[in-house]
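The values are calculated or read from the model by the stated rules, or taken from the named source; none is laboratory data. Keep in mind the model is a prediction, meaning the values are calculated, not measured. All Cβ positions, even for glycine, are placed from backbone atoms using ideal geometry, and neighbour counts span all protein chains on display. Areas reflect the complete protein model, heavy atoms only, side chains present, ligands, DNA and RNA absent. Shrake-Rupley method; radii C 1.70, N 1.55, O 1.52, S 1.80 Å.
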Amino acid sequence: MKLTVWTYEGPPHVGAMRVATAMKGLHYVLHAPQGDTYADLLFTMIERRNHRPPVTYTTFEGRDLGEDTAGIFKQTCQDAYDRFKPQAIIVGASCTAELIQDDPGGLAETMDIPVPVVALELPSYQRKENFGSDETFYQLVKALAGPVEKTPEITANLIGPLALGFRHRDDIEEIKGLLYEMGIGINVVAPFDATPHDLTRLGAAHVNILMYPEHAETAARHMERALGIPYTRTVPIGVGATHDFVAEVARLCGVEPKKDLSRLRQPWWSKSVDSTYLTGKRVFLFGDATHVKTAARIARDEMGFEVVGLGCYNREFARDIRKLGQEFGLEPLITDDYLEVEKAIEDAAPEMILGTQMERHIGKRLGIPCAVISAPVHVQDFPARYSPQMGWEGANVIFDTWIHPLVMGLEEHLLAMFREDFEFHDDAGASHHGGHAPRSVAEAPVAEVAPEGRISGKMKDEVAPEATGSDVMVWLADAERELKKIPFFVRGKAKRNTEKFAAERGVTEISVDTLYEAKAHYAR
């Protein structure tokens with residue numbers, strides 16, 4: 001396994017925890033050493049849950065390895081049942097405990113536990129978190145769901161939402177609203193807030209709404225084969241995708257595709273005068289495959305952005321993302337190494353990033369605005385307010401979420417452009433303080449100017465030039481002023497390219513002509 005400061009996905013047993021934590025009446029007995037019990041923080045802190053995950057750990061220590069660790073597991077499993085009395089138990093091993101090969105599933109089968117016990121085989125050294133959630137939910141469905149009589153009215157199962165998901169709680173409500181408008185009821189929502197007993201009723205639905213393929217596609221395919229329940233392929237994130245979703249559900253259920261568009265504001269707002277400056281903005285997309293695919297369509301077709309890079313971290317969906325890359329004329333990035341992602345973003349020099357919590361950090365380092373569209377996410381992406389991504393209201397939320405970083409970025413760029421103005425120069429203080437600004441430009445010290453326009457210390461109305469990394473290369477004053485007119489999010493790249501161009505030609509003084517010659521050179 002790879003140790004890293006940041007990670008897009010944890011080991012697969014964390015995916016199993018996300019399923020267990022989302023459900024009720026299910027308990028997870030995890031064979032794990034002391035130190036592998038950190039997962040509580042993921043749910044209680046990041047998602048701000050008011051109860052801890054339903055997970056019991058064996059927490060064996062190093063001194064136990066020479067003794068009976070299998071016996072420790074069996075005793076822990078029995079204690080967990082006696083204490084919590086769950087409707088079902090799932091058992092498995094963490095990545096460290098997997099090495100001692102105690103076989104938790106086989107051990108649990110030898111015990112007299114009077115509820116279903118589902119064994120999880122999650123290869124920690126080959127697969128990751130999203131595989132763990134998908135496989136766990138599939139094994140639960142396979143073990144508990146069977147053929148049952150269909151509901152008299154047309155109903156649907158909503159499958160895929162789980163703990164630590166990006167806006168899953170609110171997406172559920174939005175999908176329910178879309179279905180109710182067409183007269184379709186809800187049979188079971190799972191794993192979110194479902195019980196093992198609820199899973200036994202999955203077969204009564206007429207259609208499965210696959211909300212998040214990363215977490216439930218294997219279960220959806222199983223139910224299509226074993227229970228004859230078709231499932232949707234369209235994820236309704238964005239205006240166009242939501243229209244397609246309504247049409248697909250109506251076709252599968254044999255109903256009229258009714259739509260209430262009274263809450264939808266995104267199409268008008270995206271065409272309004274205030275939004276016209278967004279047209280053509282260059283964006284880079286990275287996250288889980290589902291959100292990247294839907295975001296690419298929204299960016300190009302609904303916001304008028306130019307997608308200059310895209311990729312995903314979950315390799316199980318690499319084929320889908322490569323196909324998407326061909327549609328956009330791009331070579332997609334399939335990686336879970338955030339340093340590769342940062343390099344690709346830096347090379348593409350976008351005006352905005354649409355990504356995960358990881359890309360939010362990358363954007364801060366590169367000075368590029370970022371809007372979060374996908375897990376992994378942090379506490380600020382679990383708002384108390386209603387903030388879905390799916391459906392008509394989700395389209396409104398996405399519009400707001402995406403334009404706000406660009407609006408703030410525009411303000412920063414304008415402030416930088418007018419930094420020599422009496423109101424916005426570096427020593428002026430906050431503009432709303434008016435006459436209380438610390439000092440005026442006239443009072444600012446004036447440095448000497450070297451002959452031939454060279455910079456010596458600070459020039460009048462100029463700040464000191466950034467270090468070039470060379471003690472022989474210097475930016476002339478007019479070139480410095482021209483450089484500052486370049487938008488802040490690509491200024492660093494323009495500066496580096498110009499210095500490289502000058503160094504290759506033995507130029508030690510960078511003038512405006514050098515700046516534009518370098519621009520023309522790298523544009524070819």
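Looking only at region 106-122, how many residues end up being among the small types (G, A, S) and surrounded by 17 or more Cβ atoms within 10 Å (Cβ to Cβ)?
2
Hey, among A318, A296, which residue is surrounded by fewer than 17 Cβ atoms within 10 Å (Cβ to Cβ) and part of a helix (DSSP H, G or I)?
Result of the check over A318, A296: A318.
Restricting attention to region 300-311, does a residue exist that is at pLDDT below 95, surrounded by fewer than 19 Cβ atoms within 10 Å (Cβ to Cβ) and under 24 Å from L164 (Cβ atoms)?
No, region 300-311 has no match at all.
Can you give me the number of residues within region 278-293 that are open to solvent by 70 Å² or more (accessible area, probe 1.4 Å), farther than 30 Å from E181 by Cα and not hydroxyl-bearing (S, T, Y)?
1
For region 257-277, state whether one or more residues are among the acidic types (D, E), in contact with a helix residue (DSSP H, G or I) (Cβ under 6 Å, 6 or more places away or on another chain) and open to solvent by 10 Å² or more (accessible area, probe 1.4 Å).
The answer is yes, given that some residue of region 257-277 is among the acidic types (D, E), in contact with a helix residue (DSSP H, G or I) (Cβ under 6 Å, 6 or more places away or on another chain) and open to solvent by 10 Å² or more (accessible area, probe 1.4 Å).
Are there any pairs, at least 6 apart or on different chains, whose C-beta atoms fall under 8 Å, with the first in region 495-523 and part of a strand (DSSP E or B) and the second open to solvent by less than 50 Å² (accessible area, probe 1.4 Å) and among the hydroxyl-bearing types (S, T, Y), and if so, which?
Note: pairs meeting the criteria are I510/T498.
What's the total number of residues in region 326-363 that are charged (D, E, K, R) and within 28 Å of L164 (Cβ to Cβ)?
Here the count works out to 7.
If the Cβ limit is 6 Å and pairs must be 6+ apart or interchain, which residue in region 203-222 that is closer than 17 Å to Y180 by Cβ pairs with which residue that is open to solvent by 10 Å² or more (accessible area, probe 1.4 Å) and assigned to a loop (DSSP other than H, G, I, E, B)?
Filtered contacts from region 203-222: H206/I154; V207/P230.
Determine if region 381-393 includes at least one residue that is out of contact with any Lys or Arg (no Cβ under 6 Å at 6 or more places or on another chain), outside any loop (DSSP other than H, G, I, E, B) and open to solvent by 50 Å² or more (accessible area, probe 1.4 Å).
No, the conditions are met nowhere in region 381-393.
Testing A371 on (1) open to solvent by 30 Å² or more (accessible area, probe 1.4 Å); (2) in contact with a Leu (Cβ under 9 Å, 6 or more places away or on another chain), one condition comes back false. Which one is that?
(1)
Given the conditions (1) out of contact with any strand residue (DSSP E or B) (no Cβ under 7 Å at 6 or more places or on another chain); (2) open to solvent by less than 10 Å² (accessible area, probe 1.4 Å), and given that M223 satisfies all but one, which numbered condition is not satisfied?
Every listed condition holds for M223 apart from (1).
Would you please list the contacts, defined by Cβ atoms under 7 Å and residues six or more apart or on different chains, that run from a residue in region 114-130 that is farther than 17 Å from H215 by Cα to a residue that is of a type in the set (V, I, T)?
V115/I89; V117/I89; V117/V91; V118/I90; A119/V91
Tally up the residues in region 466-485 that are open to solvent by 40 Å² or more (accessible area, probe 1.4 Å) and modelled with pLDDT under 85, please.
Qualifying residue count for the region: 7.
Pairs needed: first member in region 80-96, farther than 19 Å from H197 by Cα; second member anywhere, polar (S, T, N, Q) and assigned to a helix (DSSP H, G or I); C-beta distance under 9 Å; at least 6 residues apart or different chains.
Going by the 9 Å Cβ cut-off, the qualifying pairs are G92/T136.
For residues in region 321-338 being modelled with pLDDT of 95 or more and assigned to a helix (DSSP H, G or I), which is nearest to G10 (Cα to Cα)?
Only one residue tops the list, namely I321.
Could you tell me how many of the residues in region 179-192 are open to solvent by less than 20 Å² (accessible area, probe 1.4 Å) and closer than 26 Å to V117 by Cβ?
Residues in region 179-192 being open to solvent by less than 20 Å² (accessible area, probe 1.4 Å) and closer than 26 Å to V117 by Cβ: 3 in total.
Considering region 193-208 alone, what residues qualify as being under 15 Å from Y138 (Cα atoms) and either among the hydroxyl-bearing types (S, T, Y) or crowded, with 22+ Cβ neighbours inside 10 Å (or both)?
Correct list: A194, T195, P196, L199, T200, L202, N208.
Looking at region 69-76, is at least one residue in contact with a helix residue (DSSP H, G or I) (Cβ under 8 Å, 6 or more places away or on another chain), under 22 Å from L26 (Cβ atoms) and at pLDDT 90 or above?
The answer is yes, given that some residue of region 69-76 is in contact with a helix residue (DSSP H, G or I) (Cβ under 8 Å, 6 or more places away or on another chain), under 22 Å from L26 (Cβ atoms) and at pLDDT 90 or above.
Consider region 217-259. How many of its residues are farther than 14 Å from L158 by Cα and part of a loop (DSSP other than H, G, I, E, B)?
Within region 217-259, residues that are farther than 14 Å from L158 by Cα and part of a loop (DSSP other than H, G, I, E, B) number 10.
Keeping to region 23-68, report how many residues are touching a Ser or Thr at 6+ places or on another chain (Cβ under 7 Å) and modelled with pLDDT under 75.
So the count comes out to 4.
In region 143-178, which residues are open to solvent by 20 Å² or more (accessible area, probe 1.4 Å) and of a type in the set (D, E)?
Within region 143-178, E149, E153, E173 qualify.
So V341 fits all but one of (1) under 15 Å from the mean Cα position of the chain (by Cα); (2) within 21 Å of Q389 (Cα to Cα); (3) modelled with pLDDT of 95 or more; (4) not charged (D, E, K, R); what number is the exception?
The number of the failed condition is (2).
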